[in-house]
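Everything below concerns the one structure shown next.
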Amino acid sequence: MGEILTMALAAILINNVVLSKFLGVCPFLGVSKNSKSAIGMGLAVIFVIFGASLITYFLYYGVLVYFHIEYMRLITFILVIAAFVQFVEMFIKKYSASLYKSLGIYLPLITTNCVVLFVAQDNITQGYNLIETITNSIAVPAGFMLVLYLFSCIRERLDSADTPESFKGNPIALVVAGLMALAFSGLAGIV
């Protein structure tokens, strides 16, 4: 149980996918202007990564390994992720039109968000069992959501701050992202 907790803590704080691996930077910068949108995107990414990782795990070990066609892993995973994102997009469009509008183009772009494919591939490459796959598939997107929410709160405050004209918008956002990466890397000694 301690190993699972350590794995989750490391994925959320220390090896944060955005701040240490620089994956998912497009939605990180695009959706982080509003904290409500950040939470919506974070929940959508958690759902997509968790669902896609479970499906790809069983598909890999139940079909690809059984038929000795492991080389089809990448294309299979991409198809599963694309289908899953379409399902999420239809669900959000039907049940939360305001969230669908606020996420805009970034919602269907979850398909091309490299974090989703990274987690599915990493679960297989690291040889995780089912419990470790579930832990990794929840912890990584939870870390993504945490950083996205914190970043959105900071950006909301920066909009009302007296920032020099040349730093307004994305320049100051990138400075803040760099400072956040430094702060999170300082947690490396915990685990």
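The values are calculated or read from the model by the stated rules, or taken from the named source; none is laboratory data. Bear in mind that the values here come from a model prediction, so they are computed numbers and not experimental data. Cβ: placed from backbone, ideal geometry, glycine included. Neighbour counts: every protein chain shown. Ligands, DNA and RNA are stripped out before the accessible areas are found, and what is left, the full protein with its side chains, is counted by its heavy atoms. Shrake-Rupley method; radii C 1.70, N 1.55, O 1.52, S 1.80 Å.
The single condition among (1) over 16 Å from residue 11 (Cα atoms); (2) open to solvent by less than 30 Å² (accessible area, probe 1.4 Å); (3) in contact with a Ser or Thr (Cβ under 9 Å, 6 or more places away or on another chain); (4) not polar (S, T, N, Q) that residue 116 does not meet is (1). A single entry from 138, 131, 154, 110 fulfils the requirement of being more than 27 Å from residue 3 (Cα to Cα) and open to solvent by 60 Å² or more (accessible area, probe 1.4 Å): 154. Between 55, 46, 81, the distinction of being touching a helix residue (DSSP H, G or I) at 6+ places or on another chain (Cβ under 9 Å), surrounded by 22 or more Cβ atoms within 10 Å (Cβ to Cβ) and in contact (Cβ under 8 Å) with a residue 12 or more places away in the chain belongs to 81 only. Here residue 186 meets each of (1) open to solvent by 70 Å² or more (accessible area, probe 1.4 Å); (2) at pLDDT below 90; (3) under 24 Å from residue 2 (Cβ atoms); (4) not charged (D, E, K, R) with one exception, condition (1). Residue selection: residue 163 satisfies the criterion of being open to solvent by 10 Å² or more (accessible area, probe 1.4 Å) and farther than 15 Å from residue 31 by Cα. Identify all residues within the stretch 89-137 that are more than 17 Å from the chain's Cα centre (by Cα), of a type in the set (Ser, Thr, Tyr) and closer than 15 Å to residue 37 by Cβ; write none if there are none. Listed by number, the residues that qualify are 96, 98, 100, 102.
Can you give me the number of residues within the stretch 99-127 that are free of Cβ contacts under 8 Å to residues at least 40 places away in the same chain and outside any helix (DSSP H, G or I)? Residues flagged as free of Cβ contacts under 8 Å to residues at least 40 places away in the same chain and outside any helix (DSSP H, G or I) within the stretch 99-127 amount to 2. Here's a check for you: in the stretch 1-29, which residue that is closer than 24 Å to residue 171 by Cα and open to solvent by less than 20 Å² (accessible area, probe 1.4 Å) is farthest from the chain's Cα centre (by Cα)? Here the answer is 19.
On the basis of being over 19 Å from residue 26 (Cβ atoms), charged (D, E, K, R) and out of contact with any Cys (no Cβ under 7 Å at 6 or more places or on another chain), does residue 89 make the cut?
Taking the combined requirement at face value, the residue does not satisfy it.
Limited to the stretch 1-34, what total is found for residues that are modelled with pLDDT under 90, in a helix (DSSP H, G or I) and polar (S, T, N, Q)? Residues that pass the stated criteria total 0. Looking only at the stretch 64-71, decide whether some residue is at pLDDT 90 or above, in a helix (DSSP H, G or I) and in contact with a helix residue (DSSP H, G or I) (Cβ under 8 Å, 6 or more places away or on another chain). There is at least one residue in the stretch 64-71 that is at pLDDT 90 or above, in a helix (DSSP H, G or I) and in contact with a helix residue (DSSP H, G or I) (Cβ under 8 Å, 6 or more places away or on another chain).
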